[in-house]
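Here the structure comes first, spelled out in structure tokens, and everything after it is commentary.
Every number here is computed from the coordinates shown, using simple stated rules; none is lab data. Since the model is a prediction, treat every value here as computed from it, not as a measurement. Every residue, glycine as well, gets a Cβ built from its backbone with ideal geometry; the counts of neighbours run over all protein chains shown.
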Amino acid sequence: MRKKIVAGNWKMNCDIAHTYELLDQLKERALNEDVEVIVAPPFTNLQSANQALIDSDILVAAQNMHQATNGAYTGEVSADMLKGVGIETVILGHSERRAYFHEDNALLAKKVTTALEKEMTAIFCFGEELEDRTSGNHFNLVASQLKEGLFHIEAADWKDVVLAYEPVWAIGTGETASPEQAQEMHAFVRKTITEAYSEDIANDVSILYGGSVKPANAAEIFGKPDVDGGLIGGAALDAESFAAIINAFE
Ligand code: PEP
């Protein structure tokens with residue numbers, strides 16, 4: 001049975017005071033217990049966030065990590081460093097990492113391998129740009145992101161993978177993929193995984209949708225059969241909105 005998950009990607013927002021404030025506000029709210037809730041603050045606040053959530057079911061994830069285990073990589077953070085402060089989950093391949101930090105599928109494949117070798121859960125993000133969608137190339141593009149970035153993993157490793165379909169044209173733009181567009185792509189992803197691995201693996205992996213999810217549209221998107229939750233950007237920075245999205249599941 002796949003899990004329902006709502007993850008908040010805080011990006012480069014929230015200093016330490018704001019982190020504590022937002023987490024306190026979240027902890028005060030009643031959250032749907034059927035949903036695994038994850039927050040991803042910046043690196044500097046991961047350990048504090050984890051400690052602040054010690055008496056809560058909310059999990060803390062990193063937004064990125066380096067593929068090497070250690071070494072001369074100024075400014076980078078390794079899987080062991082994350083695990084050392086209690087972080088077991090990492091977002092990989094977010095479109096902002098792909099666009100601004102030139103992370104391509106080959107690099108992401110290495111990051112995925114490292115995360116899984118270190119027994120972390122990888123939230124693997126993918127999704128097409130607007131021009132891929134308008135030219136009708138979106139299915140091919142997504143298939144190649146999956147094949148080149150992820151499909152080198154062993155069947156047994158899928159238990160530690162969560163997928164996040166995030167059409168780039170819908171991230172931070174206020175433009176949301178329609179629930180039907182999200183469902184269509186999520187079903188395509190399951191079909192692609194079935195062909196490469198098995199129907200069981202395809203059915204067991206949680207596929208989140210991300211792109212301008214708000215309290216007003218979450219229920220309709222999460223109501224689609226192949227949508228198992230959301231990766232939330234802007235709306236995750238407001239406790240009331242984030243809680244409403246978590247509680248939008250039927
Ligand atoms: C994201 O950055 O992953 C995201 C989905 O952002 P937003 O919800 O703000 O569109």
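Some points to look at:
- The chain, relative contact order in percent, only Cα pairs under 8 angstrom and at least six apart counted: 22 percent
- Estimated distance in nm for a label pair at Asp24 and Met12, the labels positioned 7 Å out from Cα along Cα-to-Cβ: 2.8 nm
- Nearest-0.05 FRET efficiency for Ala156 and Val85, computed from C-beta distance (R0 22 Å): 0.25
- Backbone phi angles across region 143-160, fed through the Karplus curve with coefficients 6.51, -1.76 and 1.60 (θ = phi - 60°), yield HN-Hα couplings of 4, 6, 4, 5, 5, 7, x, 9, 7, 7, 6, 6, 3, 5, 7, 4, 5, 9 Hz in residue order; Gly and Pro are listed as x.
- Per-pair calculated FRET efficiency, R0 = 30 Å: Met1 and Glu148 via Cβ, rounded to 0.05: 0.55
- Counted by neighbouring Cβ atoms within 10 Å, the residues Ile201, Ile16 run from fewest to most as Ile16, Ile201.
- In this structure, the amide hydrogen of Lys4, modeled 1.01 Å from its nitrogen in the peptide plane, lies closer than 5 angstrom to those of Glu36, counting only residues at least 5 positions away or on a different chain.
- Spin-label pair Asn32-Asp204: with each label point 7 Å from Cα along the Cα-Cβ axis, the two points sit 2.4 nm from one another.
- Karplus-derived HN-Hα couplings along region 172-178 (A = 6.51, B = -1.76, C = 1.60, θ = phi - 60°), whole Hz, x at Gly and Pro: x, 9, x, 8, 10, 5, 5
- Summarising the amide proton neighbourhood of Val39: residues at separation of 5 or more, or on other chains, whose placed amide H is nearer than 5 Å comprise Gly8, Leu59, Val60, Ala61.
- The smallest convex shape that holds all Cα atoms of the chain, its convex hull, gives 117 Å³ per residue.
- Net charge, Glu199 excluded, C-beta distance under 10 Å - Lys, Arg +1, Asp, Glu -1: -1
- Over all other residues within a Cβ to Cβ distance under 13 Å of Ser56, the charged ones net out to -4, with Lys and Arg as +1 and Asp and Glu as -1.
- Euclidean distance between Cα centres, region 175-250 to region 1-76, Å: 19 Å
- In a DSSP loop and with at most 16 other Cβ atoms within 10 Å, the chymotrypsin sites (Phe, Trp or Tyr not before Pro) in region 178-220 are Tyr197.
- Sorting Phe101, Phe126, Phe43 from the fewest to the most surrounding beta carbons within 10 angstrom yields Phe101, Phe43, Phe126.
- Counting charges near Glu180 (Lys, Arg +1; Asp, Glu -1) among other residues having Cβ under 14 Å from its Cβ returns a value of -1.
- Relative contact order of region 33-121, defined on C-alpha pairs under 8 angstrom at six or more residues apart (%): 27 percent
- Our compactness index for region 149-195, the C-alpha radius of gyration over the empirical 2.2 N^0.38 Å, is 1.37.
- The residues Arg97, Arg29, when put in order of fewest to most other Cβ atoms within 10 Å, stand as Arg29, Arg97.
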